[in-house]
Amino acid sequence: MRYAAAGGYTPEEQACRERLRSGVAERFAVGESSAQIARELRVRRGSVERWRAAWKRGGAEALCSSGPVARERLCERQWTKVAALLDAGPGVCGFEDDQRWTLARVADLIGRTCHVGYSLTGVSKLLDRHGYSWQVPVHRAAARDEEEIARRREETWPEVERSPASSAPTSASPTRRGRG
């Protein structure tokens, strides 16, 4: 089983990983080799050996999760506030030049609203943990003119949709005609 390298684990992924480790403890008790376990679970052998050492020291309880590696720096109330602003769009938050959320903008937004500093990597992991993607704009452009779009569809699209000028067969051959 493979896991995402960045962003931390969602609660579902944490539960899945917990089940994986508890199953490994049972396999250790039976005496299966680390290489066999690693191959079947598609994890590194070193990880299985690290789990085995922890299991020998403290039993199955030693394989239980000790929680996230880093403490969440935003409380639930703060994240709810940031999420509402992210959903409202960059224009509402003072970024009117375009309608994209970049990592730098989200870090700035968190700093202004919650007085908490985040690095760009930290913002990326935070957004990933909460199911947000910073690459794709969520909202349409603020300057979008629906009437102009409808007018162009009616006027321009029929011209583009017309059939080709000639119905004579063409050749797709890359060769030239012979001289003669």
Single condition ALA150 does not satisfy, out of (1) at pLDDT 85 or above; (2) among the small types (Gly, Ala, Ser); (3) assigned to a loop (DSSP other than H, G, I, E, B); (4) over 24 Å from the mean Cα position of the chain (by Cα): (3)
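Scan the range 1-44 for residues that are of a type in the set (Asp, Glu) and at pLDDT 80 or above and jot them down.
Of the residues in the range 1-44, the ones of a type in the set (Asp, Glu) are 12-13, 18, 26, 32, 40.
Within the range 1-44, GLU18, GLU26, GLU32, GLU40 meet the criteria.
The values are calculated or read from the model by the stated rules, or taken from the named source; none is laboratory data. All values reported here derive from a predicted model rather than from experimental measurement.
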